[in-house]
Every structure is written in structure tokens, then in C-alpha cells.
Amino acid sequence: MDNCLKVGGRGYAGFFLITLATLMYEILLTRIFSVTMWYHFAFMAISVTMFGMTVGAILVYLRPNRYTAERAKTDMASNTVYFAIGVIFTFLIQLCIPFVPSSTFMGVFSAALTFTVIAVPFVFSGVCVCIALTKFPRQVSRLYATDLAGAALGCLLLIYLLDFTDGPTAVVFVSAIASMGALLFAMDADSRIVRRLALATTVVLVLFGLGNTWLVQQQKGMIRLMWVKGKLEERPLYEKWNSFSRVKVDGNLYAQQQPFGWGFSSKMPDDLRVRRLHLDIDAAAATVVTAFDGDIEHLEHLKFDITNLAHHLRDEAEVLVVGIGGGRDLLSALAFEQKHVLGIELNKAIIEAVNDIYGDFTGHLDGYPNIEFVNDEARSYIARSKNTYDILQISLIDTWAATAAGAFVLAENSLYTVEAWTTFLERLKPNGILTVSRWYFKDRPGETYRTASLARATLEAMGIENPRDHMMIVAMTKPKLGDVPDGIGTLLLSRQPFSDADIDKVEQVAKDLDLELVVTPRETSDETFAELVDTDDFDGFLAGFPLNISPPTDNSPFFFNMLRLRDAFNKDLWRQGMMGFNMKAIATLARLLLVVFVLTFLCIIVPLILTTKKEHLKGSLFHFLFFAGIGLGFMFVEISQMQRLIVFLGHPVYGLSVALFAVLLSSGIGSFTTGSISGDLLTTAGRNRMLGLLAILILFGLLTPYAIRMFDGAVTLVRILVAIAILSPLGLFMGMAFPIGLRLAARGTHDLTPWLWGINGATSVCASVLAVAIALNSSISTTFWVGFCCYVVATACFSINGRRHA
């Protein structure tokens with residue numbers, strides 16, 4: 001083989017870096033979009049990435065005279081430079097575009113412009129990857145393995161990069177990594193012009209990234225987000241990024257203000273004043289950082305907060321708080337003079353903000369002997385804890401941010417499932433109380449209905465026959481303005497029936513604080529709540545209710561998404577006030593399905609059909625079906641496991657990073673092993689490996705739920721290792737499908753391979769949205785088994801193709 005048609009060691013290293021940078025930028029965009037947009041638009045980063053790369057692959061196919069084998073190395077180098085430079089310029093442009101989604105022309109144009117701009121650099125990445133995988137057929141197994149290995153490492157590297165700097169500066173470093181890849185490509189191709197450009201770009205980007213990181217640490221970064229949730233954002237007092245979130249603090253350190261919040265009673269004295277700051281996560285989940293000087297009397301206002309209702313029922317209590325926020329729930333335990341309070345917070349940046357950055361303001365709560373902080377995932381910590389508690393408090397955790405760490409595939413919540421609440425109740429003392437507070441809308445309390453449904457299902461799962469005797473729901477309502485909530489609803493749940501003394505106390509507190517009794521063992525506020533807690537036909541009632549208020553489970557953990565896909569465009573059901581965006585998210589998903597299918601057809605399928613010579617397509621139907629099958633199957637399996645691991649590992653970033661790392665790395669190893677298959681054994685060996693994949697998928701689908709339950713209470717590191725261990729065999733076999741299919745197709749004509757790459761990319765783009773739709777409308781398991789069926793079709797097509805090429 002001529003040396004110019006063979007990738008050298010530097011070429012492999014360059015390919016590793018461009019795929020690493022591409023995957024890092026994709027995940028980084030989901031993190032940044034979670035701040036600048038609502039989470040259901042952040043999901044688009046995944047589809048935009050695959051769409052842009054597929055368009056790049058189609059360009060290679062449409063211009064065969066331009067992208068020749070002889071120019072392949074130089075083209076990979078130049079397009080990698082274009083990717084590096086394009087990332088910087090398109091990101092800066094995107095920062096200047098206000099994203100205000102609406103059904104108006106300007107709203108649609110704003111969204112379309114944003115996603116179009118962001119897709120541009122991925123086109124260059126797609127060109128590079130397509131050239132590598134189609135112009136060097138004898139090295140395709142090793143190149144595909146390098147592709148997947150680079151992407152796998154990118155998943156992990158981004159976590160550490162975001163601990164080192166902020167989101168916008170991380171984009172600069174990602175671009176620098178890509179330009180290093182271009183430099184290595186240029187050295188392999190012996191292209192002096194590209195080499196000089198890549199070297200200069202790398203030096204400039206690295207120096208700027210390091211300099212801006214220093215400025216970021218001084219809260220003076222040169223690049224920052226401007227348009228956030230459609231509004232121009234001023235520079236905050238403090239900002240900290242990590243792989244979980246962007247934590248921002250603003251406000252006046254010295255101003256005295258009346259305590260504010262939907263949960264405070266109107267009976268609270270007007271002369272109470274506190275100093276407070278505002279802390280928000282991803283510009284969505286907001287909380288208050290309250291000044292504390294050590295005087296308990298200055299916490300008197302917290303006794304008028306409905307989220308603290310359980311404290312009125314249990315004295316000298318051992319309290320566990322899930323999600324410390326700005327520390328208000330911890331201060332509440334001090335205000336009620338409870339025995340001990342343990343605060344569990346997953347996000348280390350929040351703990352640092354409360355105890356270190358603003359420790360003098362908050363009173364250094366970590367120094368109090370009866371207050372303990374734990375940086376861990378709450379559900380697994382509670383599951384493995386040997387202690388029991390009198391009060392377990394979950395107050396507005398994952399408010400309308402709905403775990404805004406990423407996307408639809410990242411919208412699951414492990415705290416609001418039957419299995420989670422069962423664990424929580426089991427860690428309470430016999431008369432302990434689980435207290436959960438959510439937003440409350442008096443005329444359309446969808447979240448409160450679902451909370452009641454979840455409470456009943458949990459109690460019944462524990463063998464409790466009369467759930468109503470074990471729960472109370474109380475609401476605080478106020479005169480409202482616009483779409484803000486009427487107030488907050490607080491659920492009290494206990495393994496033992498509430499005593500008459502407990503009920504009397506709640507009724508007295510409700511009278512003193514002007515609260516509404518929604519559900520008690522003695523009364524309910526409306527017929528829906530009565531049906532939810534009393535009906536014998538619980539499943540039938542849930543099925544007939546307009547909203548999906550069925551109790552979430554680990555297999556369908558979408559607490560916040562209550563709109564069924566078939567009702568996506570029923571605007572009457574969107575009416576949930578400021579929580580209505582969770583309803584509109586389903587409509588957004590439905591639109592995305594339509595848009596993705598149309599764009600894929602117009603931009604990928606149509607050009608391929610119009611430009612392909614008929615003789616090239618002869619006898620290629622089953623090749624098309626094979627690559628469509630593995631494209632759909634890979635995404636269905638991958639996304640379903642991301643969703644499952646979000647619940648298992650406790651946070652979207654862990655689910656995304658671990659799933660991608662394990663699947664991509666093991667897939668890369670699987671691809672590498674196919675390089676040893678000789679040409680005359682390709683059909684037999686390939687068929688056996690596809691059958692092996694089906695066997696692994698069956699075992700995986702049947703055994704994984706049991707493995708996850710077995711290790712549910714393990715420490716985070718152990719759960720991560722377990723996740724990698726169960727995903728790796730799956731990825732190993734999935735990684736074999738693409739290279740063996742491509743090698744088999746190349747026996748016919750090499751002109752067909754970009755077509756097949758385009759088909760694989762197009763179906764992957766569609767599957768990225770379709771997989772989420774299936775999970776939301778059915779379950780995570782359903783998505784997985786649909787992926788299995790796609791691989792069955794692919795296996796059958798490979799066997800047919802093998803006989804034809806025998």
C-alpha cells in the first residue's frame with residue numbers, strides 16, 4: 001500500500017485528539033445550554049453534534065473529486081484546524097444571541113440560529129472522521145477504535161477540566177486540544193502551511209485559556225455568559241462551575257430585608273428582618289443564603305415557614321436534610337432546637353460557597369457541634385447508613401431546574417421514585433417523618449397530585465393497607481401574580497399512622513399560620529385528592545386522569561414530566577404556572593421529533609439519493625438496513641443506560657460520563673479486535689459476533705436490574721465501577737458491528753461507504769430524540785428492548801449480505 005494511503009502514528013494521535021475534543025465539546029454544550037436555556041433545549045446539543053457530523057460525512061460523499069484518498073491526510077489536518085477555530089468563533093457568536101424560545105417567528109428564528117451556528121464546527125469534525133473511516137479501509141478497525149477511545153477519555157477529562165476552570169474557558173481548552181490534533185495530522189501529512197497554522201492556534205489558545213482561568217478565579221473572567229434564560233445577566237458576586245452545575249451568588253451583603261418566599265406565613269410579624277444573598281444553580285434552581293450571627297432568636301422567621309412543618313411535631317429530633325442549598329433547612333433545625341442535623345449535599349461547590357466563600361456571612365455552620373455536612377449522593381448514602389432519623393427533609397430539591405445538568409436524557413430524578421421513598425422511610429425511626437415540599441397551584445396542583453400518588457404507592461409497596469392514615473399534605477397559599485405558584489405544598493409521610501395528637505397539632509399549626517389542610521386522615525380538600533388516597537381502583541383512576549400523575553419508579557423516573565406524548569400539543573394541559581415549562585418540554589420533544597426527521601431527510605437522505613449512481617446502489621438494501629439498525633440500536637441502548645445510570649449513580653453528569661466512557665472505550669476495544677479477522681473469515685466471524693451481541697443484550701437486559709438493586713447502597717466509587725463492569729461487555733460487542741459491516745460492504749464498492757456512514761449517522765440523529773420519546777411514553781426498559789430489536793434486524797441483514805459476498 002502506498003504510504004500516502006496509510007495513517008501513521010502521528011495521524012492516529014491526531015485522530016484520537018479530534019474525537020476527544022468533539023465529544024468533550026458536545027458534553028460541554030449540554031452543560032452550558034443548561035444555564036443559558038431550559039434543560040429540554042440543552043438536549044439538542046446531542047442531536048446538533050450528530051447532525052453536524054453527519055452533514056460533514058455527506059460532504060465527503062458528495063464531493064469525491066475534492067476529498068480523494070491522495071489528499072486524505074491533508075484534508076484531515078485542515079478540517080481539524082477549521083473545527084478548532086470554528087468552535088471559538090461559533091461559541092462567541094452563540095453567547096451574543098438571546099435565546100427566547102416561543103412560537104413566534106422571532107422565537108423560532110432565535111432557536112434555529114443558535115443551533116445552526118453551534119452545528120458548524122461539527123461539520124468539520126464529521127468531514128475528518130468520515131475521511132479517516134472511509135479512505136483507509138485496511139485500517140478501519142484500528143481507526144474506529146481510536147475514535148471511540150478518544151471520545152471515551154473526553155467524557156472523563158471534561159469533569160476535571162470544569163473543576164479547573166469555568167464553562168466558557170473550557171471551550172477554549174477544548175479548541176486547543178483539537179488544534180493539537182491538527183498539528184499532529186499536519187506532521188503526518190507533511191503539510192507545512194497547516195502545521196504552522198495549527199501550532200500558532202494551539203499556542204494562542206493555551207496561553208489565553210490559562211490567563212483567563214486565572215482571571216476567573218478572581219471573578220474577572222474575560223469570557224462569560226451574557227444571555228441567560230433569555231435575559232441579559234450582570235456579573236455576579238461569585239460564580240463557580242463544575243461538572244454538576246454553575247453556582248452563582250448575587251445580592252447585597254449588608255441590606256436588611258423581610259424574609260421572602262412562597263412558604264412563609266402571612267402571620268409572620270412585619271418587623272422581622274434578615275440579611276440574605278441569592279444562590280442559584282444553572283440560573284434556575286434558586287435558594288437563599290441567610291446571614292447568621294449565632295443568635296437563635298434571629299431565626300424566629302423560620303418557624304413561619306411551611307417547609308418546617310415536621311419540626312412542630314417532633315422535638316429533640318435527629319434530622320437529615322437532603323440538599324443543603326443556602327443552609328436554610330439547617331438553620332431551621334437550629335431554630336427549633338433539634339438535637340442534631342445532618343446535611344447531605346451532592347454539589348461540593350454549594351458547600352464551599354456556604355461554608356468557605358461566605359462562611360463569615362452564614363456563621364460558619366460547619367463549626368457547630370450539632371450540625372454535620374456530608375458531600376455525597378443522598379439516596380445511596382441513606383441506603384447504606386446504619387443510623388435512623390426522626391425527620392428526613394426534602395424541600396424543593398430540583399425545583400424547576402429539574403436536574404438541569406443536561407438534557408431530556410438527563411431529566412430523570414432518583415429522589416422521586418417509589419424505590420427511593422421506600423429507602424427513606426426504612427431509615428426513619430418508627431414514628432419518624434419524611435417531609436417533602438413542592439410547588440403548589442391551588443387550581444391545578446399537578447405536582448402535588450403526583451406527590452400524593454407517589455406517597456400512596458410507596459406505602460402500599462411496603463405492605464401498608466391504609467395509606468391515608470400515614471400521610472398529611474398541607475399548603476401555604478398567597479395572593480399570586482402571573483404564573484408564579486400559589487404557594488408551597490408540604491407532604492408528611494410516616495411508616496406508623498399519625499396519632500390523634502399529631503393530627504391535632506397540625507390542625508393547630510395550620511390555624512395559627514393560616515395554612516390549608518389538603519389531605520389528612522380526617523379530610524381532603526378536593527375529590528381528586530380523595531380518589532388518590534382512598535380509591536380501590538388506583539390504576540384505573542391514574543389512567544383516566546388528564547395528566548400523567550402515576551407514581552414514578554426507577555424504570556420510569558420522570559417525576560417532572562406529567563404530559564403524555566399523545567397530549568403534547570394540548571395547550572389546556574400546559575397550564576401549570578411557572579412549572580408549565582415542564583409540560584411544554586414534552587411539546588418541544590414532539591416538535592424535535594418532527595424537525596429532526598425532516599432535517600435528516602432533507603439534508604442527508606435527499607442529497608444521497610440525488611447524487612448516487614444507480615449502479616452503486618444495486619444490491620445495497622440490506623447494507624442500508626444493517627447500518628440503520630446498528631445506528632438506531634446503539635443510540636437506543638446507550639441512551640437507555642444513561643437514563644438508568646442517572647438513577648443508579650444519583651446525578652446526570654455521572655450517568656452521562658460513566659455510560660459514555662464505559663460504552664465508548666469498550667466499543668473501541670471491540671472494534672480493534674475486528675482488525676485481526678482475515679478477509680475469508682469475515683462473514684462467519686462477523687455473524688458469530690453479531691449473535692454474541694444479541695446474547696449479551698439479552699443477559700444484560702435481564703440481569704442488570706438485579707445488579708443495580710444489589711449495589712444501590714454502595715459508595716459512589718463502587719457504583720461507578722459496577723456500572724463500568726456491566727456496561728463493558730455490552731460495549732465490546734456493539735463496537736464490532738460498524739467495522740465488520742463496513743469491511744463487508746467494501747467488498748462491493750468503496751464508493752458506497754460514505755453513503756453507509758451517512759445512513760448510520762442519520763439514524764443515530766433520529767434515535768437520539770426517539771429514544772427519549774419512548775422512555776417518557778413507556779419506560780427505560782422499553783427503549784432498551786427496542787434497541788435489541790434493531791440489532792436483531794441488523795444481524796439478519798449481515799447474514800444476508802455475507803451470503804451475497806461469499
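Observations, loosely collected:
- For the cross-link pairs 339/478; 348/505; 339/511, the ones whose C-alpha atoms lie over 30 Å apart are 339/478; 348/505.
- Backbone geometry of the stretch 86-100 corresponds, through the Karplus equation with coefficients 6.51, -1.76 and 1.60 at θ = phi - 60°, to 3J(HN,Hα) couplings of x, 4, 5, 5, 5, 5, 4, 5, 4, 5, 8, 9, x, 9, 10 Hz, x marking Gly and Pro.
- Stretched out straight at 0.36 nm per residue, the stretch from residue 278 to residue 370 would grow longer than its current Cα-Cα span by 30.6 nm.
- Cα-based shape type of the stretch 105-156, given that a ≥ b ≥ c are square roots of the gyration tensor eigenvalues and the cut on a/c is 1.5: oblate
- Residue-level accessible surface for residue 478, protein heavy atoms, 1.4 Å, Å²: 70
- Each peptide in 59-67, 352-360, 335-343, 676-684 was scored by the mean count of other Cβ atoms within 10 Å over its residues; highest first, the order is 335-343, 352-360, 59-67, 676-684.
- Extension gain for residue 65-residue 606 works out to 192.8 nm (0.36 nm per residue, less the C-alpha to C-alpha distance).
- With a Förster radius of 56 Å applied to the beta-carbon distance between residue 199 and residue 522, the computed FRET efficiency rounds to 0.15.
- Distant-in-sequence amide contacts of residue 389, defined by a placed amide H-H separation under 5 Å and a gap of 5 or more residues or a different chain, comprise 428, 429.
- Chain lengthening between residue 702 and residue 564 when straightened (0.36 nm per residue, less Cα-Cα): 47.0 nm
- Inter-site label distance for residue 496 and residue 315 at 7 Å from Cα along Cβ, in nm: 1.7
- Overall form of the stretch 11-139 per C-alpha gyration tensor (a/c, 1.5; a/b vs b/c): prolate
- Take the Cα of residue 253, step 7 Å toward its Cβ, do the same at residue 233, and the gap between the two points is 2.2 nm.
- Surface composition of the stretch 288-386: carbon and sulfur make up 45 percent of the accessible area, probe 1.4 Å.
- With all protein chains in place and ligands, DNA and RNA left out, the 1.4 Å accessible area ranks 192, 273 as 192, 273, largest first.
- If you take all other residues with their beta carbon under 10 Å from the beta carbon of residue 11, and give Lys and Arg +1 and Asp and Glu -1, the sum is +2.
- Candidate aspartates and glutamates for bridging to residue 73, where Cα separation is under 12 Å - those fewer than 8 sequence places away on the same chain excluded: 188, 190
- Going by accessible surface with a 1.4 Å probe and the largest first, 53, 24, 106 read 106, 53, 24.
- Shape category assigned to the stretch 647-806 from the gyration tensor of Cα positions, a/c cut at 1.5: prolate
- Taking label points 7 Å from Cα along the Cα-to-Cβ direction, residue 300 and residue 688 give a separation of 8.2 nm.
- Here the Karplus curve 6.51 cos²θ - 1.76 cosθ + 1.60, taken at θ = phi - 60°, turns the phi angles of the stretch 308-318 into couplings of 9, 4, 4, 5, 6, 9, 10, 9, 6, 8, 8 Hz, with x standing for Gly and Pro.
- A simple packing score, the average count of other Cβ atoms within 10 Å per residue, orders the peptides 528-538, 686-696 as 686-696, 528-538, with the highest score first.
- Accessible area per residue was computed with a 1.4 Å probe on protein heavy atoms; residue 34 scores about 0 Å².
The values are calculated or read from the model by the stated rules, or taken from the named source; none is laboratory data. Small disclaimer: the values here were computed from a predicted structure and weren't measured. Neighbour counts run over all protein chains shown; Cβ positions are idealised from the backbone, glycine included. SASA here: full protein model, heavy atoms, side chains in, ligands and nucleic acids out. Shrake-Rupley method; radii C 1.70, N 1.55, O 1.52, S 1.80 Å.
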